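These notes are about the structure you will find just below.
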Amino acid sequence: MSQTLSIVIPCYNEQEALPQSIAQVRKIMAASLPHVGYEILLVDDGSTDGTLGLIKELARKDGRIKYLSFSRNFGKEAAIYAGLSHACGAYVVMMDADLQDPPELLPQLYHAVTAEGFDSAATRRVTRRGEPVIRSLFARLFYKLIGRLSNVEIMDGARDFRIMNRKFVDALLDMKEYNRFSKGLFGWVGFHTKWIEFENVERVAGETKWSFWKLFKYSVEGLVAFSTAPLVAASLVGFLLCSLSGVATVFIVVRKLLFGDPVDGWSSLACIMCFLGGIQLFFLGIVGQYLAKTYMEVKNRPIYVIGESNVAQEKPCKG
Ligand code: UDP
Ligand code: MG
């Protein structure tokens, strides 16, 4: 292994932010970790702006900069997986291209895995300052829900910004699932992780790639990937409603026998039928989610396709 540290940065349309973040990383590395050999592995996730051109230019000028470019946009999770697969360092750092993951924390992260005996050091935001209120609210709600429903530890406010040792990276790479939810996978592999907290920082330039809808889909992905509790909920609600209707039937029969009441109330019956139909469809939808994920998994498609790169695809860390 030629490098000690690999810094993996997924980039999707980051032409405005990337030059600043690379400069900042170089500055911090030179000032605080001058003896640590490093490579910066940029994963271009099918950018449609000038990001790839910029990356190639950076790589031409600096031999420490490696890049992979996807044939189209595969999403950040795929970029993380590709980056980890091609990182050669004994330690690997994942960070965003927009300086929302402060490079100032790099020395602290590096110290945690090299001197303090941790296998990984991760970061979490303790504030969500500068983020839309609705978005923060739903994010909090999601972490509460997944915390309850899943037995894997998923930390509220956790960033993907973390350092890992080889053992940790290899464990992550062993999970070749197509529907990747890294925040859960990081927790799933276990090991000893140190948590470092910081205040939210807004991105330096460019725009967030996450719309509310994209985040919603991502959270459903997380829930389906790390919990089967919603499936159990279907049986539970079904059981409760059956019991309820059993009691109600007995009530009606007894009432008829004792008081001879005619059975009336068509409108209430219609409401009950709609209600039950709705619940059935809702849970059918949940079952469908799991089925869809299973369908994608059994297809066993590659997680990403590389368009071009300056790292060897076979044995990327040799030579
Ligand atoms: N990103 C990516 N592919 C995507 C979307 C985002 O590789 O489809 C990268 C993006 O370039 C950035 C990181 O993931 O480095 C985080 O994205 P962003 O800053 O838009 O997310 P936010 O910080 O707003 O959650
Ligand atoms: Mg960001």
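Could you please tell me the mean projected area of the C-alpha convex hull for the chain, averaged over all directions and given in square nanometres to one decimal? The partial results should precede the final answer.
Working: hull surface 82.6 nm².
Quarter of the Cα hull surface area: 20.7 nm².
What are the membrane-span-like helices in the chain by this rule: whole DSSP H runs, Cα extent along the axis at least 18 Å, mean Kyte-Doolittle hydropathy at least 0.0?
18-32, 133-149, 212-226, 229-259, 266-299
How many lysine pairs in the stretch 108-249, separated by 8 or more positions in sequence or lying on different chains, have Cα atoms less than 22 Å apart?
Taking the stretch 108-249 as the scope, the lysine pair count is 13.
Can you check what the net charge comes to around residue 50, using other residues whose Cβ is under 13 Å from the Cβ of residue 50 (Lys, Arg +1; Asp, Glu -1)?
Result for the neighbourhood of residue 50: -4.
Based on the mean of other beta carbon atoms within 10 Å per residue, what is the order of 179-185, 75-81, most packed first?
The peptides rank, most packed first, as 75-81, 179-185.
Which order do peptides 141-153, 265-277, 99-111 fall in by mean Cβ count within 10 Å, highest first?
Values: 141-153: 15.0, 265-277: 10.4, 99-111: 19.2.
Ranked by mean Cβ neighbours within 10 Å, highest first: 99-111, 141-153, 265-277.
Considering all alpha-carbon pairs of the stretch 235-285, what whole percent are spaced by more than 17 angstrom?
48 percent
Among 37-44, 252-259, 61-68, what's the highest-first ranking by average C-beta atoms within 10 angstrom per residue? The partial results should precede the final answer.
Working: 37-44: 24.8, 252-259: 10.1, 61-68: 17.2.
So the peptides 37-44, 252-259, 61-68, ranked by packing, come out 37-44, 61-68, 252-259.
Note down the relative contact order for the chain as a percent, whole number, built from C-alpha pairs under 8 angstrom at least six residues apart.
Relative CO of the chain lands at 23 percent.
To the nearest 0.05, how large is the calculated FRET efficiency for residue 250 and residue 287 if R₀ is 25 Å and r is the Cβ-Cβ distance?
Taking R0 as 25 Å, the efficiency between residue 250 and residue 287 is 0.20.
What is the stretch 127-201's relative contact order, in percent, from Cα pairs under 8 angstrom and six or more apart in sequence?
46 percent
Residue by residue through the stretch 196-208, what is 3J(HN,Hα) from phi via Karplus (6.51 cos²θ - 1.76 cosθ + 1.60, θ = phi - 60°)? Round to whole Hz and write x for glycine and proline.
10, 9, 8, 7, 4, 10, 7, 5, 6, 7, x, 10, 5
Every number here is computed from the coordinates shown, using simple stated rules; none is lab data. In this text the structure is predicted, and so the values were computed from the model without any measurement. Please note: Cβ atoms are built from the backbone with ideal geometry, for glycine as well, and neighbour counts cover all protein chains shown.
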